[in-house]
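Every number in this text was worked out from the coordinates using simple rules, so none of it is lab data. Keep in mind the model is a prediction, meaning the values are calculated, not measured. Cβ sites come from the backbone with ideal geometry, for glycine too, and all protein chains shown count toward neighbours.
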């Protein structure tokens, strides 16, 4: 019985990673379709649809972020908080990701430091964000309670990105937060061609 429990315990993360990989492959095929560009332009992105490819070069992360942060949406790996701006827009873009399951895209975001870069590639452009220094009396990254939704509130100046994940690893007791500022937006080749 203990052996079986051990096998199940250790195979669960592998199973969730496999599921996430299958979801990512399916979403990537749809993301590359012309209909996706049209839906993005017209802001018709449904919960669970691909929204942006998130790249963190320092951590060797590349994950397709879906619209929404429902449990089903996050099984793809990472999700965009509904109601926050789209990448590159004014305000606070919010993205949540798993740390220990479903591809673990935010497993190491605690290693990000001021100056590190994150890219969000949408069907229309590539938006480059840079991790900021600490602000408002706390470091960056920082930890909050899971009920603290103010981290994705729109009371910010400029164009920022907020990444959120569970903390500590393997627990949902708190949330780890990283804040970044937009430094550059570059149109994608062929975007808007029709």
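Quick notes on this one:
- Between residue 130 and residue 183, the modelled label-to-label distance comes to 0.3 nm, taking each label 7 Å out from Cα in the direction of the beta carbon.
- Full-stretch length increase - residue 32, residue 113 - with 0.36 nm per residue and alpha-carbon distance subtracted: 26.0 nm
- For segment 38-61 versus segment 103-170, the gap between their alpha-carbon centres in whole angstrom: 16 Å
- Listed peptides 171-181, 30-40 by packing density, highest first (mean Cβ within 10 Å): 171-181, 30-40
- Relative protection proxy for 60-71, 107-118, 87-98, 127-138, from highest mean packing down: 87-98, 60-71, 107-118, 127-138 (other beta-carbon atoms within 10 angstrom).
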